[in-house]
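Everything below concerns the one structure shown next.
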Amino acid sequence: MAVKCTLSVAVLSGKGGVGKTNISLNLACALHQAGFRILLADCDLGLANLDVLLGITPQGNLQNALLGETSLREVLYPVEPDGFDVLPAASGVPELSEMKAESRGVLLSRLEPMLENYDYVLMDTGAGISGTVQAFAAMAAVRIVVITPEPTSLTDSYALIKVLHARYGLRDFLVLVNQAASAREARGFFDKLAGACRHFLRLEPVFLGHVRQDKKVTEAVCRQEPLLRYAPGCPAAQDLQALAAALQRARLDMADRLSGEKILRDLPI
């Protein structure tokens, strides 16, 4: 019998504006629709915006929990009708985005016991290579690097992977190409990033997939609704459903590995 496990996923990006938070939100929706218990944690600690995308106003956030005013569990926000939990962060609080190592350790130690209550924990991190971003990336079982088809996104994503590899020895990265005009374009930009990682870092990132350009994405953001609720049949929503299915296979693979039934294999995309 396979061991039940929680899959923790850090959603990362080298630069801002690549749609990382929107990807995190809609993956949470897709996985919940598939019957899983989901925690979506806003880990962009000083510039949180998940609440804005969802049009919600949480009464508490990570800052309150870190100050000892409440517990992490008490600031969880159940999102209806989507059915998953959000762990909100604060916005405009530089002390959170520039947390010292000791404070990050306290936060992670408090967060860890909550993970076993969920099938997936999606951590929407900040953009870039701050110490807080690195800590969440190192904590996660799976790291998704979101890029867009533009040179600055490639260079910044390579820098992020390089730092995480050098500091933590991390070698496993899944790459998702967002806002792609076509599958061919997405694969071409992934190949450029993978080539640099292969040549300079001696590691092989895995192509997770792509999400197509779709005007429905912008419409959903303006309406403060998840895309999978607003336009579930649109091309971008279909791509996100496929990505959620890939994560389901990754979780099953991890459960099998933990139970000793088989050795971990490459993600079967």
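Side notes on the structure shown:
- The value of relative contact order for the chain, using C-alpha pairs under 8 Å at least six residues apart, is 25 percent.
- In terms of other Cβ atoms within 10 Å, 199, 210, 165 run from fewest to most in the order 199, 165, 210.
- Amide H contacts of residue 43: 124, 125, each under 5 Å away and 5 or more positions distant or on a separate chain (H built 1.01 Å from N in the peptide plane; Pro and chain starts excluded).
- Our summary gives segment 145-258 a relative contact order of 22 percent, counting only alpha carbon pairs under 8 angstrom and 6 or more residues apart.
- Karplus-derived 3J(HN,Hα), 6.51/-1.76/1.60, for each residue of segment 198-214, Hz, glycine and proline x: 5, 6, 9, 10, 6, 9, 10, x, 10, 6, 7, x, 9, 10, 6, 4, 7
- Amide hydrogen neighbours beyond the local backbone of residue 84, cut-off 5 Å, H modeled: 79
- Full-extension gain in nm, residue 110 to residue 138, via 0.36 nm per residue minus C-alpha separation: 8.5 nm
- Each of 29, 68, 211 was scored by the projection of its Cα onto the charge dipole of the chain, and the greatest displacement toward the positive side belongs to 211; charges sit on the C-beta of Lys, Arg, Asp and Glu.
- Residue-by-residue Karplus 3J(HN,Hα) for segment 118-123, coefficients 6.51, -1.76, 1.60, Hz, glycine and proline x: 10, 7, 9, 10, 9, 10
- For the chain, the normalised intensity computed at q = 0.07, 0.09, 0.10, 0.14 Å⁻¹ comes to -0.22, -0.38, -0.47, -0.97 (log10 of I(q)/I(0), Debye sum over alpha carbons, equal scatterers, no solvent).
- Computed about its Cα centre, the charge dipole of the chain is approximately 860 debye, with only Lys, Arg, Asp and Glu carrying charge at their Cβ.
- Counting DSSP beta bridges with both ends in the chain, the antiparallel % (nearest 5): 15
- Taken about its Cα centre, segment 95-212 carries a charge dipole of roughly 440 debye when the Cβ of each Lys and Arg holds +1 and the Cβ of each Asp and Glu holds -1.
- Amide H partners (placed H, <5 Å) of residue 15, local residues excluded: 128
- Modelled spin-label separation between residue 80 and residue 52, with each label point placed 7 Å from Cα along the Cα-to-Cβ direction: 2.7 nm.
- Lysine pair count for the chain [Cα-Cα under 28 Å; pairs on different chains or 8 or more apart]: 15
- Charge dipole (debye, nearest 20) of segment 146-245; +1 at Cβ of Lys and Arg, -1 at Cβ of Asp and Glu: 180
- Pair-distance distribution P(r) for segment 94-244, from all Cα-Cα distances in 10 Å bins starting at 0: 10, 34, 35, 21, 1 percent.
Each reported figure results from applying straightforward, stated rules to the coordinates on display, with no laboratory input. Model, not experiment: these values are computed from the prediction. As a convention, Cβ positions derive from the backbone with ideal geometry for all residues, glycine included, and neighbour counts pool all protein chains shown.
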